[in-house]
Ligand code: PFF
């Protein structure tokens, strides 16, 4: 059958695309460093808890909007608002999601560019250089960083420009299996050559004394970011979902795969960190400074394992980057009836400018703080991840729970168990908005004004 360009060819396509989107830098770069910063086991348990209680329900709600509303994230919400006699202003949730996706694209491409750069550095070997010095030199170089992120951005744009079947689905069919094989190879290496026992005990032992508001916010934020919630991607991908595909089952598959890869990433990284007696709490630099120390300690072998690791990160980042671009591309092309290639070019150009600002945050503008935020890179990350993401998540929850309640049934969701369906609605109506807004308020008071309550 000839596929229409606004629908996936088959049921597998959504699973591939959504998993490719979910599994990204958030899993392999973000999850391990946040677990490291927040006490290991405690963070992991909280993360798993929030993925199940809030992540999965809101993930389903976002896909539900796309699947039943059709169209880009803004028009899907507008269509459903009309049907449910709600205010058209609900479309603000769609606009905010698109805004968040653009900001994320701006800084995500920069980290991804650094990853690609590191693949080459690791392949060449570190020789006698100290990995910390190498890192400082790399991020200080505005033009080199710009070169690497531009390559990454253009490559992602080319895939998105080809459309959802010929571009996105086709790319995901190659990238996703590759990603799973690579992560398993890395875990295998950690098990045979690293200190897996220490890694397991670090990731799965509960240290109650580290429990505070910051840990909770980090775990929720990470869960939402990792599942690609709140940026319009899931609405866009959901709108291409065939009518007969079961929303509930598909969401469980994607959420499980994403969580598994995050845990595997921890089991790939920490055995090496502990084996070489390195510090697990290096934060965002864990995969750049700490891991490179491990690779350089391995000598010649590190010149194979190192690039393999960065290749894994690059593949994961690439499949996510494609999905980050999709909401704004489909929005522009539908709203202004422009060809997809043209819309993609505009989006890439805009992201290029944002990425320049983000790169400057590492070097030329590194001392320009914006309020409590250290530099423009941190400011962009904050605005998208900590500010917009949970707000959009709340908006999605409230819209589906309160305004679309009457349209929720077994047919639309593929969930036949009435109890589960009711539980989903209760979570969307009450549990998720109240918890998300509380966490959002406490977290932002702490970040912006340094006010903490516990
Ligand atoms: N989920 C991706 C990750 O974990 O790296 C990041 C991401 C992709 C965020 C797509 C948002 C999005 F729309």
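Laboratory data are not the source of any read-out in this text; all were calculated from the coordinates shown. Keep in mind that what you see is a predicted model, and the values were worked out from it rather than measured. Virtual Cβ from ideal backbone geometry, glycine too; neighbours counted across all protein chains shown.
Where the centroid of each part is defined by its Cα atoms, how far is segment 1-54 from segment 265-337 in Å? A separation of 15 Å, based on Cα centres.
If you fit an axis through the alpha-carbon atoms of helix 91-124 and take the longest principal axis of the Cα set of the chain, what angle between them do you get, 0 to 90°, nearest 10? Between the helix axis and the principal axis of the chain, the angle is about 20 degrees. For segment 199-314, the equivalent ellipsoid derived from the alpha-carbon gyration tensor has semi-axes of 32, 20, 13 Å in decreasing order.
Helix 73-83 and the long axis of the chain differ in direction by around 30°, with both axes built from C-alpha atoms.
Starting from the Cα of residue 12, move 7 Å in the Cα-to-Cβ direction to define the label point; list residues of segment 160-195 whose amide nitrogen is under 17 Å from there. Within reach of a label on residue 12: 165-181.
In the chain, Rg over Rh equals 0.95, where Rg is the alpha-carbon radius of gyration and Rh the Kirkwood radius from pairwise Cα distances. The share of C-alpha pairs in segment 317-427 whose separation exceeds 17 Å stands at 71 percent. Distance from the Cα centroid of segment 147-197 to that of segment 115-146 is 21 Å (rounded to whole angstrom). In the chain, the longest principal axis of the Cα atoms and the axis of helix 213-226 are about 70 degrees apart. Taking other Cβ atoms within 10 Å as a rough exposure proxy, 143, 402 sort from fewest to most as 143, 402. For the pair segment 346-362 and segment 366-388, the centres of their Cα atoms are 14 angstrom apart. Highest mean packing first, where packing is the average number of other Cβ atoms within 10 Å per residue, the peptides 386-397, 304-315, 338-349 line up as 386-397, 304-315, 338-349. For residue 209 and residue 284, the FRET efficiency from 1/(1 + (r/R0)^6), where r spans their Cβ atoms and R0 equals 30 Å, is about 0.80.
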